[in-house]
1. Filter the range 102-112 for residues that are of a type in the set (S, T, N, Q) and surrounded by fewer than 18 Cβ atoms within 10 Å (Cβ to Cβ) and give the result.
2. Taking the stated definitions as given, is Gly141 of a type in the set (Gly, Ala, Ser), surrounded by 18 or more Cβ atoms within 10 Å (Cβ to Cβ) and within 16 Å of ligand 2 (Cβ to nearest atom)?
3. Among the strands (runs of 3 or more DSSP E) lying completely within the range 58-145, list those that include at least 2 residues that are within 18 Å of Ile24 (Cβ to Cβ).
4. Identify, by number, the condition in (1) near ligand 1 (Cβ under 9 Å from one of its atoms); (2) at pLDDT 95 or above that Cys135 doesn't meet.
5. Out of all the residues in the range 162-193, which are part of a loop (DSSP other than H, G, I, E, B) and either β-branched (Val, Ile, Thr) or not assigned by TED's automatic domain parsing to the domain that holds Gly141 (or both)?
6. Do we have Gln148 as buried (at least 18 other Cβ atoms within 10 Å of the Cβ) and within 16 Å of ligand 1 (Cβ to nearest atom) here?
7. Residue by residue through the range 113-128, note down the ones that are closer than 19 Å to Pro145 by Cα and either of a type outside the set (S, T, N, Q) or open to solvent by 30 Å² or more (accessible area, probe 1.4 Å) (or both).
8. Across the range 48-91, what is the number of residues that are open to solvent by 70 Å² or more (accessible area, probe 1.4 Å) and either touching a Leu at 6+ places or on another chain (Cβ under 8 Å) or outside the structural domain of Leu25 (by TED's automatic domain parsing) (or both)?
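The values are calculated or read from the model by the stated rules, or taken from the named source; none is laboratory data. The shown structure was predicted, so the numbers you read here are calculated from the model rather than taken from an experiment. A quick note on method: Cβ atoms are made from the backbone with ideal geometry, for glycine too, and the neighbour counts reach across all protein chains shown. Heads up: the accessible areas ignore ligands, DNA and RNA and are worked out on the full protein's heavy atoms, side chains in. Shrake-Rupley method; radii C 1.70, N 1.55, O 1.52, S 1.80 Å.
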Amino acid sequence: MIISSAKPFEEILELLKEEDDIFILGCNACAAKLHVGGEPEVIRMQQRLEEAGKRVVGWVVPSAACSVASFDALVEKSPALKEAKVVLVMACGSGVSTVSRVADLPVYPSNNTDSLGGRSQGEVIPQLCAMCGNCTIYYFGGICPRGQCPKQLINGPCGGSLDGKCEVDQDKDCVWELIYLRLERIGRLDLLEKIWDSDGIPE
Ligand code: SF4
Ligand code: SF4
């Protein structure tokens, strides 16, 4: 899941300062699950823009903003798009980019794109993977130190952890504590014997 968060409304208004006839495009995938681009947020955005004096011509929430097939496919879902002078996309940067490829209109983001995370048991986990391009997560028991350790240490903890908490953010568990406990549970502590170079290749 791509983690995105809503920009302050004042920033969105500033972005749209010179614009009108706005079409809002949400995203029924990650952004909807994070409550920053689903139907309720899109409707609320329309209300707030209208209260601020902007004309909103319409809106649509495709199944995923990052896989919009074509402009015509969007118009089929919401013909009001044909009246739009600009599009406001309530999704991550990937959604904004994809919409920009199919729409010959200025496309504005309402969200900031933060990280690659997940959601489990109702909890949003903001950072799980750093998208390093060489996935070795198996060797860490499925808990990636590149993605989850603030120092991205891949050969064990920094030594600053206290009572299993991270020295950078003491509200969080040290990821190496979690890796150790997980490998212990699955009987694979032997995987910790591997030493990695800075490119993530075993030495
Ligand atoms: S090793 Fe970690 S950062 Fe790299 S792709 Fe795998 S999960 Fe993502
Ligand atoms: S305490 Fe653990 S998670 Fe925090 S920076 Fe050090 S090794 Fe990384």
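1. Correct list: Asn112 only.
2. For Gly141, the condition - of a type in the set (Gly, Ala, Ser), surrounded by 18 or more Cβ atoms within 10 Å (Cβ to Cβ) and within 16 Å of ligand 2 (Cβ to nearest atom) - is met.
3. Filter on the range 58-145 gives 86-89, 107-109, 111-120.
4. The number of the failed condition is (2).
5. Matches in the range 162-193: Val168, Ile186.
6. Numbers: buried (at least 18 other Cβ atoms within 10 Å of the Cβ): yes; within 16 Å of ligand 1 (Cβ to nearest atom): yes.
Yes; evaluated as a whole, the condition is true for this residue.
7. Asp114, Leu116, Gly117, Gly118, Arg119, Ser120, Val124, Ile125, Pro126, Gln127, Leu128, listed by residue number.
8. Adding up the residues that qualify gives 2.
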